[in-house]
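The structure under discussion appears below in the form of structure tokens.
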Amino acid sequence: VSVMTDSTRKMIHLGAVVVNNFSNFLFSKTQEYCTDNQIDFDLLLPLMKETIHKLRNGQAIDLQTGPARRNDVKTINEHIRQLEDWTELQDIYAFLSNKITNQYNKPNQ
């Protein structure tokens, strides 16, 4: 039990929605994609677990990896093309890749 103000409780709830509900939505979209492509979604579970485990010892901003983090436009564009038949996931991928690229590739970095 933690004692906190109502304002703090509301901020924690918002944070919980973002880390839990939003990530679960991404998991569900990825699970659909895997199912549609006869890929075992369970193959991704070790990566998901490792990502969470790393947060115990580091800051999320320092742990970001992937093509958007590297500003690998060629791979990003290929992934977007691969998602041609999954437009909802394609939109999410493009949006988040853009946000990540902007976060890590600001001038003077």
Going through region 17-40 in order, the residues found to be under 17 Å from residue 51 (Cα atoms), open to solvent by 50 Å² or more (accessible area, probe 1.4 Å) and in contact (Cβ under 8 Å) with a residue 12 or more places away in the chain are 26, 27
Return a yes/no flag: does region 89-100 have any residue that is open to solvent by 70 Å² or more (accessible area, probe 1.4 Å) and at pLDDT below 95.
no
Those residues of region 3-13 that are surrounded by 10 or more Cβ atoms within 10 Å (Cβ to Cβ), of a type in the set (A, V, I, L, M, F, W, C) and out of contact with any helix residue (DSSP H, G or I) (no Cβ under 8 Å at 6 or more places or on another chain) come to a total of 2
Of (1) under 15 Å from the mean Cα position of the chain (by Cα); (2) outside any helix (DSSP H, G or I); (3) basic (Lys, Arg), residue 69 satisfies every one except (2)
Output for Cβ contacts, cut-off 8 Å, separation at least six or different chains, first residue in a helix (DSSP H, G or I) in region 42-64, second among the basic types (Lys, Arg), reads 63/54
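The values are calculated or read from the model by the stated rules, or taken from the named source; none is laboratory data. Predicted model only: the values in this text are computed from it and were never measured. Here the Cβ is made from the backbone with ideal geometry for all residues, glycine too, and neighbour counts use every protein chain on show. What goes into the accessible areas is simple: the full protein's heavy atoms, side chains included, and nothing from ligands, DNA or RNA. Shrake-Rupley method; radii C 1.70, N 1.55, O 1.52, S 1.80 Å.
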